[in-house]
Structures are given as structure tokens and as C-alpha cells.
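The values are calculated or read from the model by the stated rules, or taken from the named source; none is laboratory data. Quick caveat: nothing in here was measured; it's all calculated off a predicted structure. All Cβ positions, even for glycine, are placed from backbone atoms using ideal geometry, and neighbour counts span all protein chains on display. To get the accessible areas, we keep the full protein, side chains included, count just its heavy atoms, and leave off ligands, DNA and RNA. Shrake-Rupley method; radii C 1.70, N 1.55, O 1.52, S 1.80 Å.
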Amino acid sequence: MPTPSMEDYLERIYLLIEEKGYARVSDIAEALEVHPSSVTKMVQKLDKSDYLVYERYRGLILTAKGKKIGKRLVYRHDLLEDFLKMIGVDSDHIYEDVEGIEHHLSWDAIDRIGDLVQYFQEDPSRLNDLREVQKKNEE
């Protein structure tokens, strides 16, 4: 399994490739707000772990393993954002909250959160009921 730092890189690389069709070291550095030399070191680690193929000065491509993990990490991030929005977390805090918790939850916990999100999405009245309970508790 990749480390939390590796996960951050894989998630960002996956998103960049989805958005732009490629991911350069400079793009990754800008997106993660780190130095290009840090990106190069991590990309070399990800290459050794078979998550991507990196050729200096030519760029990188995700392997099937890297794509699978990247897609899963993006799903996890999006799911947690949806969940926090559903339960009424202030949108100003959601990104930081997701970044703070996403690496600390098991995939079992993610699956259960997914079940809960699906439960609320299937019947909007359930979400309205939750909002009513929240309003009462705030009073």
C-alpha cells in the first residue's frame, strides 16, 4: 500500500492526467505546492513501486496499478467531500477536513460512508429529516 504522501501524489497525478491528458513534474509541484525536486524524488519512488513509469525529461504515465489506485483515491476524496456537505459542514472547511481525515480511514470505513451517502441520495426526504434534526439541535 502507498504511504499517505504517495497517495497525495497519485491522486493529483491521476487528476492532472484526467484533466490535461498529461502530468509534468512542474504541474504536480504547482498543484501540491511543493518544490519540483520533491516531486522528482517521489515520482522516482512511485516508479520503483510500479505505480507509474517515469522517464527523465519525457514525463510519466500511470501504470494500470497506478490508475486503479489513483481512481480509488479520487473517489475517496470526492465521497468524503459529498459526505461532509451532506452533514452540513461549512464549505469553507471541507477541503481541509477531507485532507485531514482521508488517510486515516480504512477502506471499510470509506465503504460504510459510501453506503450512508447513497442512503441519503436515494431519498432526499431523508436528508431533509437530517437537516431538521440539526436545526433543532442548534436551537
Rounding to the nearest 20 debye, state how big the charge dipole of the range 73-139 is about its Cα centre with +1 on each Lys and Arg Cβ and -1 on each Asp and Glu Cβ. 200 debye
For the chain, give the percent of accessible area contributed by carbon and sulfur heavy atoms, probe 1.4 Å, rounded to a whole number. 50 percent
At most 10 other Cβ within 10 Å, DSSP loop - chymotrypsin sites (Phe, Trp or Tyr not before Pro), the range 28-81: 57
Could you order 103, 35, 77 by accessible surface area, starting with the largest, using a probe radius of 1.4 Å? 35, 103, 77
Between the helical axis of 107-122 and the dominant principal axis of the chain, each derived from Cα atoms, what acute angle in degrees is found, rounded to the nearest 10? 50 degrees
Could you state, as a whole-number percent, how many of the C-alpha pairs of the range 74-138 are farther apart than 18 Å? 39 percent
Enter the accessible area of residue 113 (Å², nearest 10), with the probe set to 1.4 Å and all protein chains included. 30 Å²
Debye, to nearest 20: dipole size of the range 4-68, +1 on Lys, Arg Cβ, -1 on Asp, Glu Cβ: 300 debye
How much mean residue ellipticity at 222 nm does the chain get from its helices, if each DSSP H run of length 4 or more adds -39500 (n - 2.57) and you divide by all residues, to the nearest 500 deg cm²/dmol? -24000 deg cm²/dmol
I'd like the Kirkwood hydrodynamic radius of the range 11-139, using the inverse of the mean 1/r over distinct C-alpha pairs, in Å. 16.8 Å
If you count only protein heavy atoms and use a 1.4 Å probe, how large is the accessible surface of residue 105, to the nearest 10 Å²? 50 Å²
Eight or more residues apart or on different chains, and alpha-carbon atoms under 18 Å: count the Lys pairs in the chain matching that. 9
Surface per residue (accessible, 1.4 Å probe) for the chain, Å²: 65 Å²
For the chain, longest principal axis from Cα atoms; helix 91-101 axis from its Cα atoms; angle between them, nearest 10 degrees, is 60 degrees
Angle in degrees between helix 124-138 and the longest Cα principal axis of the chain, rounded to the nearest 10: 70 degrees
